[in-house]
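Inspection log for the structure reproduced underneath, given as structure tokens.
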């Protein structure tokens, strides 16, 4: 389970046995949601926040923080997904300490 980012207590990660569509999980304590990336001609056309089966979703505050994070870091997340699952490279972890507005 590679952790790729932490943003004010929200841990953004992949499970090691992921599948398409490209997506990332976000947890805060016992809460978890995921974001699916829809890509057309190499460009992210849409990001959908989804529930994770058997998990309670992120609360409203954390969900808003996650959505703001995705607006800024979506392309980096997709690149890390490709690096990890397609090219089998290790991906780096980044702790983001500056609040996204």
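In the set (1) over 16 Å from residue 96 (Cβ atoms); (2) at pLDDT 95 or above, the condition left unmet by residue 20 is number (2). With a requirement of 3 or more residues that are surrounded by fewer than 11 Cβ atoms within 10 Å (Cβ to Cβ), the strands (runs of 3 or more DSSP E) lying completely within the chain that satisfy it span 43-51.
The values are calculated or read from the model by the stated rules, or taken from the named source; none is laboratory data. Small disclaimer: the values here were computed from a predicted structure and weren't measured. For neighbour counting, all protein chains shown are included, and Cβ atoms are generated from backbone atoms with ideal geometry for every residue, glycine included.
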